[in-house]
Amino acid sequence: MTRWGRAVLPLAVVLVVVIAVWYAGAAWLNFDVTANLAEDDATTWEILQGTMSQDRPLLPAPHQLVAELFSSVFEHPIDSPKSLIYHASVTAFAAFLGFLIALALGIGLAIGIVHVRTLDRSLMLWIIASQTIPVLAIAPMVVVVLGNIGFTGLLPKSLIAGYLSFFPIVTGMVKGLRSPDPMQRDLMRTYSASGLHLFTMLRWPASMSFLLPSLKVAATLALVGAIVAELPTGAQAGLGARLLSGSYYGQTLQIWAALFMASFLALLAIGVVDLFRLVLIRRRGGRL
Amino acid sequence: MTVLELLLLAAGGAAGLSLLARREGRLGQVGTPLLFGALVLAAWQIACVEFEIPRVLLPAPSAVAAAIVRSLPILAADFMQTVAHAVLIGWLLGSGAGLLAAVALDRSAFLRRGVLPLGSLVSAMPIVGIAPIMVMWFGFDWQSKAAVIVVMTFFPMLVNATAGLEATGTMERDLMHSYGAGYWQTLLKLRLPYALPFVFNALKLNSTLALIGGIVAEFFGTPIVGMGFRISTEVARMNLDVVWAEITMAAVVGSASFAALALVERAVTFWHPSFRA
């Protein structure tokens, strides 16, 4: 078998199984509701057909979800609140802004930690410990408190997204900047490289292979942060708002569509990081 | 006056930190972060009291401590609801199922190649978003939160445990083969113990994920108890000291479970090179 076939065939088989189980689950979960709504003389077969086209199914059938995604993405103008693209862009923009903040602060702090012993000793333990803490729990408080002093909308969301993605960036970057071993540093010294050269020509390039995996984690965390930040104020726009209003009004199709859109955004973010990695590898002549 | 006080604190603190950071051994390693934490707390307290920062913006550490003492029964009830039921059960079920799935998939390379890419895909998704769906399926109580956590923790364990099961070299497997050991004996006596460091990695990762899942899922609807419920309602009622008390508890639970798992790992995988140094 070709390499392509080895990778794709198993995935295709598993996907087909998942979709088959999904249809079976939809028929099973929606059966009772459909049977109650159906006319008395409906046959089991008619009810089963009905389970595939409920308005508010417990589990929407895959083709319903595809139809909902299609209509909410393509059949409304992008600036209308009915368009899923509109909501996705609101959330994605907040996440992206937060990610940029985290990137700048995280790399800056990592450089400080690597060069200043006091910062290293004071902060590293707290940064590592903070990864065992559910920091997302502070999201509602940050949103409401910032709202009280007049900041609403984009800023609180970006701050939470940035706060979440900050920690993996710092830890990855500190590890990366420290990754050159003493022999490589000694070599730089024999070239009589200055501190700046040591940084720009050895530490910085070496850190990239540690930064990139952290960026993937950080990007998905930023997205989660932006979505959760939309929950407490009952925001009007954004994927989190879609999830919340969907759960208030029992609009399951809307919830599932928002979830799929969020997953798509996460994959897109990871894809962008991968693309960046490929560009970097090409510019460096084939390796990272 | 107060600005001067804070400036003095900052200058003195920075001097103390840099002195302490130069010390080798325990004192420098543990003392510096502790001193830093204490300084942050002190600055927070002084700033809150002296600048009269409103309680609805940022309560002073002393107010948070008072709230913890005052609302101990509430905190205990929330702990029982969120941690002892949703998080613990969801974490156990999700991690256990992930481990079993890894052992099952281990026998078929074909299935592994199909499921693992899917697993890392799902791990990257914002899974907490399924909370409203789980509330619809399993009701408002902790069962729906546990279900969210099961989904969140399943795939990290699956991916890690699979990597762990593949960690044994051909030499060890050949040795087992020459002892006449069958599949199950090799699995139980060689490959599973070898996979333990990977499994513990996933367990530690999952303990944080489970706590996040349990708290955030409660933002979508819950009976009137639970850490996430308390945080979202007390924020709305401007009782920020209670919110900070809950956050403190979440932080303590998170780091304590991580530390406990690390201790168990040390006891169980004492033979591993990373602990024998």
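Throughout, read-outs are computed from the coordinates displayed, never taken from laboratory work. As the structure is a computational prediction, the values presented were derived from the model and not from experiment. Don't worry about glycine lacking a Cβ; one is built from the backbone with ideal geometry, like all the others, and counts go over all protein chains shown.
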query = How do the peptides B:221-227, B:101-107 rank, highest first, by the average count of neighbouring beta carbon atoms within 10 Å per residue?
reply = B:221-227, B:101-107
task = Work out from phi, with θ = phi - 60° and the Karplus expression 6.51 cos²θ - 1.76 cosθ + 1.60, the ³J(HN,Hα) of each residue of the range A:17-34, listed in order in whole Hz, and give x for Gly and Pro.
result = 4, 4, 5, 4, 5, 4, 4, 4, x, 4, 4, 5, 5, 8, 4, 4, 4, 5
ask   = Whose amide H sits under 5 Å from the amide H of B:SER71, counting only residues 5 or more places off or on another chain, with H placed in the peptide plane?
value = none
query = Between A:ALA67 and A:ALA129, what is the label-to-label distance in nm when each label sits 7 Å out along the Cα-to-Cβ direction?
reply = 5.5 nm
ask   = Which of rounded, prolate, oblate describes the protein assembly as shown, given a ≥ b ≥ c as roots of the alpha-carbon gyration tensor eigenvalues and a/c under 1.5 marking rounded, otherwise prolate only if a/b is larger than b/c?
value = oblate
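Which values, in whole Å and largest first, are the semi-axes of the equivalent ellipsoid of the range A:3-59 obtained as the square root of 5 times each eigenvalue of the Cα gyration tensor?
Those come to 34, 10, 7 Å.
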task = Could you tell me how many degrees, from 0 to 90 and to the nearest 10, lie between the Cα long axis of helix B:240-268 and the main elongation axis, the longest principal axis, of the Cα atoms of chain B?
result = 30 degrees
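Arrange the following residues from fewest to most other Cβ atoms within 10 Å of their Cβ: A:ASP181, B:ASP78. Could you put the intermediate results ahead of the total?
Working: A:ASP181 9, B:ASP78 24.
Listed from fewest to most nearby Cβ atoms, that is A:ASP181, B:ASP78.
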key: Exercise: per-residue mean of other protein chain Cβ atoms within 10 Å, B:239-251   = 3
key: Point-to-point label distance, B:ARG266-A:TRP204, nm (Cα→Cβ direction, 7 Å offset)   = 4.0 nm
query = Mind checking the angle between helix A:117-130 and chain A's longest principal axis? C-alpha axes, 0 to 90 degrees, to the nearest 10.
reply = 20 degrees
Listed residue (A:VAL272, B:VAL253, B:PHE138) projecting farthest to the positive dipole end of the protein assembly as shown, Cβ model = A:VAL272
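Which order, highest average first, do A:123-133, B:89-99, A:247-257, B:5-15 follow once you tally other Cβ atoms within 10 Å for each residue and take the mean per peptide? Present the calculation step by step, with values, prior to reporting the outcome.
On the way: A:123-133: 17.6, B:89-99: 21.5, A:247-257: 19.2, B:5-15: 12.7.
Peptide ranking by packing, descending: B:89-99, A:247-257, A:123-133, B:5-15.
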ask   = Between B:VAL30 and B:ALA65, what FRET efficiency comes out of the Förster formula 1/(1 + (r/R0)^6) with R0 = 35 Å and r the beta carbon distance, rounded to 0.05?
value = 0.95
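Could you work out [θ]222 nm for chain A from helices alone, using -39500 (n - 2.57) per DSSP H run of at least four and dividing by all its residues? Round to the nearest 500 deg cm²/dmol. Numbers along the way, then the final one.
Numbers: 11 runs with 213 residues, N = 288.
Result for chain A, helices only: -25500 deg cm²/dmol.
What percent does the relative contact order of the range B:2-53 come to when contacts are Cα pairs within less than 8 Å and at least six residues apart? List each step's numbers first, then the result.
Details: 22 pairs, mean separation 22.8, N = 52.
Over the range B:2-53, the number comes to 44 percent.
Please give the calculated 222 nm ellipticity per residue for chain B, where each DSSP H segment of at least 4 residues contributes -39500 (n - 2.57) and the sum is spread over every residue; nearest 500 deg cm²/dmol?
Per the formula, -24000 deg cm²/dmol.
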message = For the ranges A:157-170, B:150-163, B:244-257, what's the packing order if you count other beta-carbon atoms within 10 Å of each residue, average per peptide, and put the highest first?
response = A:157-170, B:150-163, B:244-257
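To the nearest 0.05, how large is the calculated FRET efficiency for A:ALA24 and B:VAL103 if R₀ is 30 Å and r is the Cβ-Cβ distance? Please report the intermediate quantities before stating the final value.
Details: r = 25 Å, r/R0 = 0.84.
Result of the calculation: an efficiency of 0.75.
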remark   = Within the under-14-Å Cβ sphere about B:HIS177, not counting B:HIS177, Lys/Arg +1 and Asp/Glu -1 give a net charge of +1
key: Table column - 3J(HN,Hα) (Hz), the range B:136-151, Karplus curve with 6.51, -1.76, 1.60, x for Gly and Pro   = 5, 7, 10, x, 7, 6, 5, 4, 5, 5, 4, 5, 4, 5, 4, 5
inquiry  = Using the Karplus curve 6.51 cos²θ - 1.76 cosθ + 1.60 with θ = phi - 60°, what ³J(HN,Hα) values do you get for each residue of the range B:217-224, in whole Hz, with x for Gly and Pro?
reply    = 4, 6, 4, 8, x, 6, x, 7
Residue range of chain A that is longest and free of GluC sites (Glu not before Pro) which are both DSSP loop and sparsely packed (at most 11 other C-beta within 10 Å) = A:76-288
ask   = Quick one: helix A:204-229 against the long Cα principal axis of chain A, what's the angle to the nearest 10°, folded into 0 to 90?
value = 40 degrees
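Please compute the average number of Cβ atoms from other chains found within 10 Å of each residue's Cβ in peptide A:218-226. Write down the numbers at each step before the final one.
On the way: counts 0, 1, 4, 1, 0, 4, 7, 1, 1.
That works out to 2 on average.
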task = Report the relative contact order of chain B, percent, no decimals, based on alpha-carbon pairs under 8 angstrom and at least 6 residues apart.
result = 22 percent
remark   = FRET efficiency for B:LEU19 and A:ASN148 from the Cβ-Cβ distance with R0 = 41 Å, rounded to 0.05, comes out at 0.55
inquiry  = Starting from the 7 Å offset along Cα-to-Cβ, what nm value, one decimal, do you get for the label separation of A:TYR191 and A:GLN236?
reply    = 5.7 nm
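Within 10 Å of each Cβ in peptide A:113-123, how many partner chain Cβ atoms are there on average? Round it to a whole number, please. All intermediate terms of the calculation are to be shown ahead of the outcome.
Numbers: counts 0, 0, 0, 2, 6, 11, 5, 3, 14, 14, 3.
For peptide A:113-123, the averaged partner shielding equals 5.
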inquiry  = Within the range A:239-257, list the residues whose amide N lies under 16 Å from a label point set 7 Å along Cα→Cβ of A:ASP32.
reply    = none
